[in-house]
Amino acid sequence: MIRVIAVVGPTASGKSSLALSLAKRLDGEIVSCDSMQIYRGMDIGTAKASVGERAQVPHHLIDVAEPEESWSLAEFAEKAHAAIAEVAGRGKLPILCGGTGLYLDNILYDTVLSDAPANEVYRESLAGYSNEALHAMLAQVDGECAEANHPNNRRRVIRALEIYHTTGKTKTEWDRQSRVKTPRYDALILGLRASDREYLYRRIEERVDLMMEMGLAAEVAALAPRLGSTAAQAIGYKEILWGLSGQMTMEDAVTQLKTATRRYAKRQLTWFGASGEIRWLDICGKDKEQLLQESMEILQKSFS
């Protein structure tokens with residue numbers, strides 16, 4: 001079984017920095033598990049590793065699709081498995097890095113989902129609603145699922161609403177709890193989180209401000225004609241598009257972006273928090289070297 005390390009956690013927790021440090025120390029290569037970093041040109045808004053960082057350590061599954069394209073979870077997992085096999089085949093250590101919990105789970109585990117029961121009567125009751133209205137209904141009960149599905153993907157949106165109505169659980173919860181997981185890899189999962197939630201939120205706000213200084217608005221404006229239904233829903237692109245289109249001021253768009261990112265971080269922590277296999281590190285008050293040292297101590301104990 002191939003040995004891998006995975007670095008997980010909420011946005012702005014320092015995953016990419018730790019993964020890069022580990023790759024340098026352990027002769028590894030990074031396999032990105034971010035559902036939006038696959039898109040070329042979406043650099044600032046996805047906090048993609050810089051060209052310089054990618055020159056130091058090879059990165060995989062970054063810049064492999066055009067913004068017009070839409071990749072399924074199955075396609076992503078297939079490419080990730082190929083990258084892991086390639087890296088390991090050259091004697092290097094695959095280091096997975098990302099905050100998209102669903103994608104990481106589908107890479108690390110051979111999963112089988114049990115299906116929620118159908119409710120045809122409820123489905124028929126939704127027939128008169130517009131795509132936008134249905135998507136708004138889903139966003140109220142299952143924000144993570146709503147973000148993952150475009151309003152025009154009517155079938156999936158209705159199915160998610162049906163699951164919630166029938167079982168009392170969101171589709172996100174249902175998938176997580178009904179998952180039969182068999183490990184694909186000999187994986188050690190390191191997680192970054194903040195014991196002080198406000199510390200993380202300050203980092204998120206600082207990151208958004210930095211993205212704006214780096215030219216996020218210009219990046220979104222240049223990409224706008226090419227953004228497909230998936231890429232256009234990415235946090236950071238959706239909100240700035242609102243500002244560029246005049247739906248709101250750019251100042252309000254940035255505020256919306258910060259709020260959306262904080263909410264996303266909460267959902268990420270909820271997802272990863274349900275796993276009992278993650279070795280957590282507290283990022284509060286620690287620099288890169290301290291987090292690297294703590295990670296190496298965990299690795300030495302686990303892989304000795």
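The values are calculated or read from the model by the stated rules, or taken from the named source; none is laboratory data. Only a predicted model underlies this, so the values are computations on that prediction, with no experimental measurement involved. Using ideal geometry, Cβ is built from the backbone for each residue, glycine included, and neighbour counts are taken over all protein chains shown. Please note that ligands, DNA and RNA were not included when accessible areas were found on the heavy atoms of the full protein model with its side chains. Shrake-Rupley method; radii C 1.70, N 1.55, O 1.52, S 1.80 Å.
Suppose the filter is assigned to a helix (DSSP H, G or I), more than 18 Å from Y103 (Cβ to Cβ) and in contact with a strand residue (DSSP E or B) (Cβ under 8 Å, 6 or more places away or on another chain); does L200 pass it? Working first, answer last.
On the way: assigned to a helix (DSSP H, G or I): yes; more than 18 Å from Y103 (Cβ to Cβ): yes; in contact with a strand residue (DSSP E or B) (Cβ under 8 Å, 6 or more places away or on another chain): yes.
When the stated conditions are applied, L200 passes them.
So, in the range 35-58, of the ones that are open to solvent by 40 Å² or more (accessible area, probe 1.4 Å) and touching a strand residue (DSSP E or B) at 6+ places or on another chain (Cβ under 9 Å), which residue ends up farthest from L291 (Cα to Cα)?
Among those residues, the one meeting the criterion is R40.
Scan the range 135-188 for residues that are open to solvent by 50 Å² or more (accessible area, probe 1.4 Å) and among the basic types (K, R) and jot them down.
Those that are open to solvent by 50 Å² or more (accessible area, probe 1.4 Å) and among the basic types (K, R): R154, R155, R156, K169, K171, R176, K181, R184.
Just to be sure I understand, how many residues within the range 6-34 are of a type outside the set (D, E, K, R), surrounded by 19 or more Cβ atoms within 10 Å (Cβ to Cβ) and more than 17 Å from the chain's Cα centre (by Cα)?
Going through the range 6-34 one residue at a time, the tally reaches 5.
Quick check: anything in the range 250-261 touching a residue at least 40 places away in the same chain (Cβ under 8 Å), open to solvent by 20 Å² or more (accessible area, probe 1.4 Å) and out of contact with any Cys (no Cβ under 6 Å at 6 or more places or on another chain)? Step through it out loud before you land on a result.
So the first thing to find is which residues in the range 250-261 are touching a residue at least 40 places away in the same chain (Cβ under 8 Å), and the list is 254, 257-258, 261.
Of the ones still in play, those that are also open to solvent by 20 Å² or more (accessible area, probe 1.4 Å) are 254, 258.
Applying the additional criterion that residues be out of contact with any Cys (no Cβ under 6 Å at 6 or more places or on another chain) yields 254, 258.
Yes, that holds for at least one residue.
Which of the residues that make up the range 250-264 are within 17 Å of G215 (Cβ to Cβ) and touching a Phe, Trp or Tyr at 6+ places or on another chain (Cβ under 8 Å)?
Matches in the range 250-264: A253 only.
Quick one: in the range 198-214, which of the residues that are surrounded by 15 or more Cβ atoms within 10 Å (Cβ to Cβ) and without any contact (Cβ under 8 Å) to a residue 60 or more places away in the chain is nearest to V31 (Cα to Cα)?
If we take residues in the range 198-214 being surrounded by 15 or more Cβ atoms within 10 Å (Cβ to Cβ) and without any contact (Cβ under 8 Å) to a residue 60 or more places away in the chain, then V208 is nearest to V31 (Cα to Cα).
So C284 passes all but one of these: (1) open to solvent by less than 40 Å² (accessible area, probe 1.4 Å); (2) out of contact with any helix residue (DSSP H, G or I) (no Cβ under 7 Å at 6 or more places or on another chain); (3) not polar (S, T, N, Q). Which condition number does it fail?
(2)
Failed condition for K238, given (1) open to solvent by less than 80 Å² (accessible area, probe 1.4 Å); (2) within 24 Å of S16 (Cβ to Cβ); (3) in contact (Cβ under 8 Å) with a residue 24 or more places away in the chain; (4) not acidic (D, E), with all others met?
If we test K238 against (1) open to solvent by less than 80 Å² (accessible area, probe 1.4 Å); (2) within 24 Å of S16 (Cβ to Cβ); (3) in contact (Cβ under 8 Å) with a residue 24 or more places away in the chain; (4) not acidic (D, E), just (3) comes out false.
For the range 4-31, how many residues are assigned to a loop (DSSP other than H, G, I, E, B) and β-branched (V, I, T)?
First, the residues of the range 4-31 that are assigned to a loop (DSSP other than H, G, I, E, B): 9-14, 27.
If we keep only those that are β-branched (V, I, T) as well, we get 11.
Count: 1.
Out of the range 66-84, which residues are assigned to a helix (DSSP H, G or I) and either within 24 Å of L20 (Cβ to Cβ) or open to solvent by 60 Å² or more (accessible area, probe 1.4 Å) (or both)? It would help to see each step written out before you state the result.
Initial filter on the range 66-84 (assigned to a helix (DSSP H, G or I)): 73-84.
Of everything in the range 66-84, those that are assigned to a helix (DSSP H, G or I) and either within 24 Å of L20 (Cβ to Cβ) or open to solvent by 60 Å² or more (accessible area, probe 1.4 Å) (or both) turn out to be A74, E75, F76, A77, E78, K79, A80, H81, A82, A83, I84.
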